[in-house]
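Here the structure comes first, spelled out in structure tokens, and everything after it is commentary.
The values are calculated or read from the model by the stated rules, or taken from the named source; none is laboratory data. Note that the structure is a prediction, hence the values are computed from the model and not measured. Cβ placement follows ideal geometry from the backbone for every residue including glycine, while neighbour counts extend to all protein chains displayed.
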There are 2 protein chains.
Amino acid sequence: MSDPTAAILVIGNEILSGRTQDTNSNTLARFLAPLGITLSEIRVVADDQPEIVAALNALRARYTYVFTTGGIGPTHDDITADAVAAAFGSKIEFHPDAMALLAARYAERGEDFNAMRQRMARVPQGASLIKNPVSVAPGFQLANVFVLAGVPSVLAAMLDDLSSRLTRGAVMHAITVTAPVAEGDIAAALAAIQSDHPAIAIGSYPYYRPEGYGVQLVARGVDPAAVEIAAAAIEALLRQVGAQPSRL
Amino acid sequence: MSDPTAAILVIGNEILSGRTQDTNSNTLARFLAPLGITLSEIRVVADDQPEIVAALNALRARYTYVFTTGGIGPTHDDITADAVAAAFGSKIEFHPDAMALLAARYAERGEDFNAMRQRMARVPQGASLIKNPVSVAPGFQLANVFVLAGVPSVLAAMLDDLSSRLTRGAVMHAITVTAPVAEGDIAAALAAIQSDHPAIAIGSYPYYRPEGYGVQLVARGVDPAAVEIAAAAIEALLRQVGAQPSRL
């Protein structure tokens, strides 16, 4: 069995307009990595049902899991649940547990559990709820699709309820070595190290800072011993060109 | 003629692994908005030629412009130029102007203009160069595809050379009104305002902060007067429920 893969579908005009910097994708990426689930693709689309449906159907057919973020609140621009139902050709209905959770929450706060708030209890038929310990309104899972909130603190809090639902794969180990050298001075030798270690993915990320330039070299792979050997080879290369490597 | 559209294709294992928070998409989104170019989609894919080719061909067929970021340095993991050439079925070749620029730069710094650094002068046949005032190695344009650097400061510096190449559209104007109210208390009235102003896109973005919760309401449209009228309607609604609106 091959390792599980994942895609993220960010639903949000506010990301595309530049108003909001997406951080949910990074939160999800950091959640998936230690589970050994390979994040293979991220897409951001507008709050537009045909766009969401097309992207979701492409991604859920291709990857083990799809995580959506955004569009599950009470306002008119929250269209994710309907779009997911449309993508699956499912009916959408009020989930009794979600209705009960939300009714209790608004009663407790003395707030009106009005029709728009009740929209947050609508999920596609057959979906199971995902707990929201921050603001109660749940996410939901339908087959291999996990529908999560867009507010970063709420999305992060929903992840607790996901771990037990996901099949784990081989965890990638990574060592990052940094040194104040020009990428181009080590590129050929680095390519040779990559060739010598085909099971390790070696990435090279230059930086330019006021105090000077340098490079971060990342060795990633499933076998920690093999990652260590590749990292040691990178460090030896850096010393060879007169630089002092350090690990991040 | 309809307004120009755009997509961003981020090429980067480091984004998918969670190691790096992508900020280039937001930089590009904020660059495109005042030009009246609608950013319709963002995709992030791995450093993998077939993935890059498939995504690029899907996006360049659909949108007026595609902007790629990442993968144009001197190291073995910089495969964007080859992938773009493959997507277009074009040959890749050393661009004489890029060779001259890079040769001069490395001569000036007393650094070796070696074979790996020369890779940064390879562009698909027919491409025009995009200036890089930070680190010289150019980006390039081929048809409606703009290939930009992944280092954020370099990407930002390359944008200066793009403005004159892009057809402008109608600029979206936006007013953001914020108030310490619960989204659900205004959702129905907000939906009515949206219905009354179909040319304006009204977005509702709740927040939860230590000092309390609230909502940011954004009215966006091409006609500033119509945006102002919708924003005033939103402010009136907020006052009606006893909240004091302010503009961001």
Residue within segment B:161-178 that is more than 20 Å from the chain's Cα centre (by Cα) and surrounded by fewer than 20 Cβ atoms within 10 Å (Cβ to Cβ) present: yes
Only residues that are β-branched (Val, Ile, Thr) and under 15 Å from A:Leu9 (Cβ atoms): list them for segment B:16-46, please. B:Ile42, B:Val44, B:Val45
Take the residues of segment A:91-108 that are acidic (Asp, Glu) and in a helix (DSSP H, G or I): which is modelled with the highest pLDDT? A:Asp97
When the residues of segment B:106-121 are filtered to those that are under 16 Å from B:Gly139 (Cα atoms) and more than 9 Å from chain A (Cβ to nearest Cβ), which remaining residue is surrounded by the most Cβ atoms within 10 Å (Cβ to Cβ)? B:Ala121
Quick check on my filter: what residues within segment A:147-169 are in contact with a Ser or Thr (Cβ under 9 Å, 6 or more places away or on another chain) and more than 19 Å from B:Arg209 (Cβ to Cβ)? A:Val147, A:Leu148, A:Leu159, A:Arg165, A:Leu166, A:Thr167, A:Gly169
Looking at the structure I just gave you, is B:Leu142 touching a Ser or Thr at 6+ places or on another chain (Cβ under 9 Å), within 16 Å of B:Asp78 (Cβ to Cβ) and surrounded by 18 or more Cβ atoms within 10 Å (Cβ to Cβ)? no
Note on segment B:70-83: residues under 18 Å from the mean Cα position of the chain (by Cα) and under 13 Å from B:Phe140 (Cβ atoms) are B:Gly71, B:Ile72, B:Thr80
